[in-house]
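For reference, the structure discussed in these notes is given below.
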Amino acid sequence: RIPLRNARVGVGDLTGRDGTVRSSESSLRKVEYVYVSKPTDSYGSKGWWPDPVPRVEGAVDLDAGINNTFFITFHTPPDREAGIYRGNIVLSWTGFRKTIPAVVEVWNFSLPDTPSIRSGFGLSYDKIAAYHNITEREDLEKCYDLYMEQFRRYRIAPYYPHALAQARDSVTGVYWTG
């Protein structure tokens with residue numbers, strides 16, 4: 001087993017009977033692992049667990065002896081024709097290249113701009129700071145905004161979207177004794 005250097009996952013355009021799904025409509029993410037030293041409940045255990053799925057742009061180095069999982073997501077516009085779209089995914093690294101056929105089915109519905117059911121997701125900025133080892137407020141605000149961007153994209157409603165930008169007011173004027 002040897003590590004793979006300069007590994008790339010290339011997504012090409014997908015063509016269907018009624019058009020094309022462009023590679024620019026896709027995003028690539030790699031599953032990363034987090035070491036859990038203290039399980040949160042009886043279902044967990046110490047060890048390496050898959051958790052974050054950061055975006056991948058360009059080449060990455062892959063460690064040997066572990067699963068290296070990638071997610072490819074296509075975000076097609078609401079007016080995209082439903083149907084089967086075919087294309088290729090290219091896996092490559094130093095001294096290797098393999099083309100794999102890809103098939104994506106676009107369904108005949110789209111998510112509404114406004115969710116039709118209520119939801120709530122707890123997300124604490126202090127947990128984000130601890131998880132990402134953030135100490136500066138400006139860095140925390142940028143990171144929190146990235147979380148909120150993903151919440152908007154996937155129509156997830158956080159309990160406190162304004163946690164780092166709370167509204168403040170003050171009342172001035174004549175004191176009323178009424």
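Structure above, values below:
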item: Residue among PHE96, SER27, SER110 farthest towards the positive dipole end of the chain, charges placed on Cβ; result: PHE96
item: SER170 accessible area, assembled protein chains, probe 1.4 Å, Å²; result: 100 Å²
item: Relative packing of 9-15, 110-116, 125-131, 148-154, which averages over residues the other C-beta atoms within 10 Å, highest first; result: 9-15, 125-131, 148-154, 110-116
item: For segment 13-89: span of alpha carbons on each principal axis (Å, largest first); result: 51, 29, 16
item: Extended-chain gain in nm, criterion 0.36 nm per residue less alpha-carbon gap, ALA157 and GLU105; result: 16.0 nm
item: Rounded percent of accessible protein surface that carbon and sulfur make up, segment 117-178, 1.4 Å probe; result: 53 percent
item: SER116 paired with VAL31, simple spin-label distance in nm, labels 7 Å along Cα-to-beta-carbon; result: 3.1 nm
item: In sequence order, calculated HN-Hα J values of segment 35-52 (Karplus, 6.51, -1.76, 1.60; Hz; x Gly/Pro); result: 7, 9, 9, 9, x, 7, 7, 6, 7, x, 8, 5, x, 8, 10, x, 8, x
item: All aspartates and glutamates inside 15 Å of LYS30 as judged from Cα atoms, apart from same-chain residues fewer than 8 positions distant; result: ASP51, GLU57, ASP61, ASP63
item: Total charge dipole magnitude, the chain, about the Cα centre, Cβ charges on Lys, Arg, Asp, Glu only, Debye to nearest 20; result: 580 debye
item: MRE, 222 nm, helices only [DSSP H, n ≥ 4, -39500 (n - 2.57), over the chain, to nearest 500]; result: -4500 deg cm²/dmol
item: Per residue value of the accessible surface for the chain (all protein chains in place, 1.4 Å probe), Å²; result: 79 Å²
item: Share of Cα-Cα pairs in the chain lying beyond 23 Å, as whole percent; result: 63 percent
item: Lys, Arg +1 and Asp, Glu -1 on Cβ, resulting dipole of segment 4-97 about Cα centre, debye, nearest 20; result: 240 debye
item: Pairwise label distance in nanometres, ASP79 with GLU149, each label 7 Å out on the Cα-Cβ vector; result: 2.6 nm
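The values are calculated or read from the model by the stated rules, or taken from the named source; none is laboratory data. Bear in mind the structure is a predicted one, so any value in this text is a computation, not a measurement. Cβ atoms come from the backbone with ideal geometry, glycine included; neighbour counts cover every protein chain shown. Calculation scope for accessible area: heavy atoms of the full protein, side chains included, ligands and nucleic acids excluded. Shrake-Rupley method; radii C 1.70, N 1.55, O 1.52, S 1.80 Å.
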